[in-house]
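One structure is given here, and the rest of the page talks about it.
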Amino acid sequence: MSPKIKLMVLDVDGVLTDGKLIIGTNNTELKAFHSQDGMGITLARHAGIKFAIITGRKSDAVRRRAKELSIEYLYEGISDKIQVFENLLNELNLRQQEVCFIGDDINDLLILKKVGLACAPMDAVDMVKRHVHYVTKRPGGEGAVREVIDRILNEQFDYDDFVLKFLQNKIEVKQ
């Protein structure tokens with residue numbers, strides 16, 4: 001059995017979004033996030049998995065979404081993703097094998113080659129897809145992150161039982 005995943009690191013454009021950059025008047029940047037990815041992140045966090053975003057762009061939308069999902073580590077405007085990744089591992093005292101990274105383009109390759117579980121959305125560039133352990137059936141921004149999370153949680157837990165307990169906790173908290 002592979003090492004337990006304790007940290008998921010995500011790129012944004014092309015992973016959490018479809019990769020399109022919609023820039024409106026007044027330099028407003030819009031991004032569409034899939035709600036199933038959000039629920040997957042919530043489930044994984046409930047399972048004790050930490051999350052980080054390492055992205056080359058800066059965006060108010062990404063900061064807002066990260067806050068909504070309680071993503072602990074957000075690194076924006078990063079040109080040297082591998083350095084940030086290595087610093088994060090040191091800070092969290094984790095081994096590379098305990099990390100899943102989801103990336104879609106060549107600027108993600110150095111991290112993808114180092115982690116225990118390297119994943120890419122189905123619409124990632126071909127070079128990236130050749131260097132990952134798993135290519136999703138769903139494209140970036142369309143539930144690809146959730147697909148990977150479901151696979152991890154299925155491997156690490158009795159998934160049906162885990163979800164039932166999660167839902168029971170959610171219901172109890174709301175009452």
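Some values worked out for this structure:
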quantity: Residue in segment 54-61 that is touching a residue at least 12 places away in the same chain (Cβ under 8 Å), open to solvent by less than 20 Å² (accessible area, probe 1.4 Å), in a loop (DSSP other than H, G, I, E, B) and of a type outside the set (Phe, Trp, Tyr) present; calculated: yes
quantity: Condition check for residue 90: in a helix (DSSP H, G or I), under 19 Å from residue 5 (Cβ atoms) and open to solvent by 50 Å² or more (accessible area, probe 1.4 Å); calculated: yes
quantity: So residue 65, is it within 15 Å of residue 10 (Cβ to Cβ), out of contact with any Pro (no Cβ under 8 Å at 6 or more places or on another chain), part of a loop (DSSP other than H, G, I, E, B) and touching a residue at least 40 places away in the same chain (Cβ under 8 Å); calculated: no
quantity: Members of segment 68-87 that are part of a loop (DSSP other than H, G, I, E, B) and of a type in the set (A, V, I, L, M, F, W, C); calculated: 69, 71, 78
quantity: Residue that is surrounded by the most Cβ atoms within 10 Å (Cβ to Cβ) [pool: residues in segment 24-52 that are in contact with a Leu (Cβ under 8 Å, 6 or more places away or on another chain) and among the β-branched types (Val, Ile, Thr)]; calculated: 41
quantity: Filter pass, residue 48 being of a type outside the set (Lys, Arg) and either over 30 Å from residue 158 (Cα atoms) or out of contact with any helix residue (DSSP H, G or I) (no Cβ under 7 Å at 6 or more places or on another chain) (or both); calculated: yes
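Each row is one residue, and each column tells you yes or no for (1) in contact (Cβ under 8 Å) with a residue 12 or more places away in the chain; (2) closer than 30 Å to residue 20 by Cα.
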{"residue": "90", "(1), (2)": "no, no"}
{"residue": "95", "(1), (2)": "yes, no"}
{"residue": "99", "(1), (2)": "yes, yes"}
{"residue": "138", "(1), (2)": "yes, yes"}
{"residue": "153", "(1), (2)": "yes, yes"}
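Residue-by-condition table, conditions (1) touching a helix residue (DSSP H, G or I) at 6+ places or on another chain (Cβ under 7 Å); (2) surrounded by fewer than 16 Cβ atoms within 10 Å (Cβ to Cβ); (3) β-branched (Val, Ile, Thr); (4) modelled with pLDDT of 95 or more:
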| residue | (1), (2), (3), (4) |
| --- | --- |
| 121 | yes, no, no, yes |
| 127 | yes, yes, no, yes |
| 140 | no, no, no, yes |
| 164 | no, yes, no, no |
| 174 | no, yes, no, no |
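The values are calculated or read from the model by the stated rules, or taken from the named source; none is laboratory data. The model shown is predicted, which means the values in this text are computed figures rather than measured ones. With ideal geometry, Cβ positions are generated from the backbone for all residues, glycine too; neighbour counts draw on all protein chains shown. Quick note on the areas: whole protein, heavy atoms, side chains included, nothing else; ligands and nucleic acids left out. Shrake-Rupley method; radii C 1.70, N 1.55, O 1.52, S 1.80 Å.
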